[in-house]
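The values are calculated or read from the model by the stated rules, or taken from the named source; none is laboratory data. Everything numeric here is computed off the predicted structure, so don't read it as measured data. When we count neighbours, we look across all protein chains shown, and the Cβ atoms used for this are built from the backbone with ideal geometry, even at glycine. Side chains included, ligands, DNA and RNA excluded: accessible areas come from the protein's heavy atoms. Shrake-Rupley method; radii C 1.70, N 1.55, O 1.52, S 1.80 Å.
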Amino acid sequence: MQIQLIVSFVVLLVVSNVVFADVAPSQMFASHMVLQRDMPVPVWGTAEAGEKVTVQFAGQTVSTQADTTGKWKVALPAMTASAEGRAMTIEGKNKLTLDDVLVGEVWVCSGQSNMQYGWGKKSHPMFNWGGDADIAALADKSAGKPIRSFDVRPNVAWEPSDKINGEWSTGPSGSAVAFGFSYRLHESLNVPVAVIVTCWGSSSIEGWMPFDLGEQLPEFKKMVTDLRSSEQSKSRIDAAIQKGVQHGNVFVRKQPNILYNAMMHPILPYACRGFVWYQGEANADQPAQYAKSLPLWIERLRTGWGQPDMDFLLVMLPGFGVDNGSPTAKSWAKFREVQLGALKLKHTAVANTIDLGDAKNIHPADKAPVCDRLALLARHDVYKQDVAARGPTYKQSKVDGATMSIEFDQADGLKTTDAQPPTGFWLADDAHKWHPAKATIQGTSVLLQADGVPKPTACRYAFCGKPVVNLVNASNLPAYPFRTDDWPE
């Protein structure tokens, strides 16, 4: 009789799908983490189905009940910044204590290899190639400061995962751009700053896109369908997952959707201020498709985070490629134009890197200016500080005989970095043939003329792979590339 009762009890457990487990938070919640200030903070995890879960932190207590699948989520009310390491307790039938928890600013930093690019030999092994001496010096200065990081290690999954392969660190992120950005923010805000870094070299935007975006993007849907219908591809990816995905696995990191499932979805909806996106090299030859994907992806991530006004900072692709400077050369110019097109969305900004880069190296070492410019954009747009954050931007043009005048916004103190005439301008004649222009500065405008162009019809500035440019404003921020035409070539 006793045996029958035991068997019946086991069957009942199986049939009702009851799962007995200790209360456990998502891996995003651990000792040394930083919580986002001034907004509700979701905390989530797993427990026994129906179990009461209580979270306590900073004098606040919130409780909930795990659902029938054992998942639970609560939201701590908004908190002010604090560099005091305090304990968070999560309690059900068991009790967990997470120590040294700070409250401040949190940003997610993602992209491909230039986001993964390290700052020096002391970087985390995932980032230990390349380096920027200026940022390495900041790393030495960061000791003891409340600047923290959560570095996500490479991984893929066929379906959205709740598990994340990463951990919190009291040291700087190994990513040069992510760490430099966090250092500059802490320097100006004087509050704890953390970056959650999830990036992988050679990855395309499609790798970071959720499956459901295929309903709006047929090209993406086809990519995912082709991947999932290929037995050879599935076998290669399954083998990599079973073995443990390695940083250098080129095949898996180039596939659609599966990076999102393993390296982005588990982060959502960890409360954060914004998102830094440094990616594009893998998609640079498909600007028209990227123009569709980028805005939909941004809005989809905002929905996933439950933050419709979440700030997105994008890094423009820097100078790269050997060409003659002609605006008709095959280059990254049109892709940069697509990146700037993201500005049509609210709460977006693009860090201008047109004066940076290396003609022959797709991984330029000049990362410190990228960090500084991202931080300026965040300080101005997000934190409302009175700082200059952008270089001159095209406002309007006017033709008077053989002269075209280009008027700029953000152009106080318009000048060149070398006291020479502005470079990088081209004018088109009525046959759409381009000619290098002679430029002179007049107030916040640049006056252009070109030999053989009696009446200009269009202007392009820095519209090539690796332009030679010198135009800046009083804050030494470079002018953004632009064109006044919409011609296909």
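Some notes on this structure:
- Taking (1) of a type outside the set (A, V, I, L, M); (2) under 26 Å from Ala359 (Cβ atoms); (3) assigned to a loop (DSSP other than H, G, I, E, B); (4) touching a Leu at 6+ places or on another chain (Cβ under 9 Å) in turn, Cys464 satisfies each apart from (4).
- Residue that is surrounded by the most Cβ atoms within 10 Å (Cβ to Cβ) [pool: residues in the range 282-305 that are without any contact (Cβ under 8 Å) to a residue 24 or more places away in the chain and either under 14 Å from the mean Cα position of the chain (by Cα) or within 25 Å of Ala378 (Cβ to Cβ) (or both)]: Arg302
- Of the listed requirements (1) under 18 Å from Ser475 (Cα atoms); (2) assigned to a strand (DSSP E or B); (3) among the basic types (Lys, Arg), Arg379 misses just one: (2).
- Selection count where residues are over 20 Å from Glu281 (Cβ atoms) and open to solvent by less than 10 Å² (accessible area, probe 1.4 Å), scope the range 306-320: 1
- Test: residue in the range 353-369 that is free of Cβ contacts under 8 Å to residues at least 12 places away in the same chain and either farther than 27 Å from Asn283 by Cα or small (Gly, Ala, Ser) (or both): no
- Options Gln255, Gln279: the member that is open to solvent by less than 10 Å² (accessible area, probe 1.4 Å), touching a residue at least 24 places away in the same chain (Cβ under 8 Å), at negative phi and in contact with a helix residue (DSSP H, G or I) (Cβ under 7 Å, 6 or more places away or on another chain): Gln279
Condition check ((1) more than 20 Å from Leu217 (Cα to Cα); (2) touching a Gly at 6+ places or on another chain (Cβ under 8 Å); (3) assigned to a loop (DSSP other than H, G, I, E, B)) across all residues:
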| residue | (1), (2), (3) |
| --- | --- |
| Asp285 | no, no, yes |
| Tyr290 | no, yes, no |
| Glu299 | no, no, no |
| Pro308 | yes, no, yes |
| Phe312 | yes, yes, no |
| Val322 | yes, yes, yes |
| Ser331 | yes, yes, yes |
| Gln339 | no, yes, no |
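- Qualifying residue in the range 93-110 (condition: at pLDDT 90 or above, among the basic types (Lys, Arg) and within 26 Å of Leu313 (Cα to Cα)): no
- Within the range 428-451, if we keep just the residues that are under 12 Å from Met404 (Cβ atoms) and under 35 Å from the mean Cα position of the chain (by Cα), the residue that is least open to solvent (accessible area, probe 1.4 Å) turns out to be Val446.
- Subset of the range 205-230 that is touching a Leu at 6+ places or on another chain (Cβ under 9 Å) and not in a helix (DSSP H, G or I) - its residue that is most open to solvent (accessible area, probe 1.4 Å): Gln216
- Of the set (1) in contact (Cβ under 8 Å) with a residue 12 or more places away in the chain; (2) open to solvent by 10 Å² or more (accessible area, probe 1.4 Å); (3) on the phi < 0 side of the Ramachandran plot, all apply to His380 but (1).
One line per residue, one yes/no per condition, for (1) of a type in the set (Asp, Glu); (2) open to solvent by 40 Å² or more (accessible area, probe 1.4 Å):
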{"site": "Gln56", "(1), (2)": "no, yes"}
{"site": "Gly59", "(1), (2)": "no, yes"}
{"site": "Gln65", "(1), (2)": "no, yes"}
{"site": "Lys73", "(1), (2)": "no, yes"}
{"site": "Ala78", "(1), (2)": "no, yes"}
{"site": "Glu91", "(1), (2)": "yes, yes"}
{"site": "Leu98", "(1), (2)": "no, no"}
{"site": "Val103", "(1), (2)": "no, no"}
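- When Trp129, Trp158 are checked against the criterion of being open to solvent by 70 Å² or more (accessible area, probe 1.4 Å) and closer than 30 Å to Arg236 by Cα, Trp129 stands alone in meeting it.
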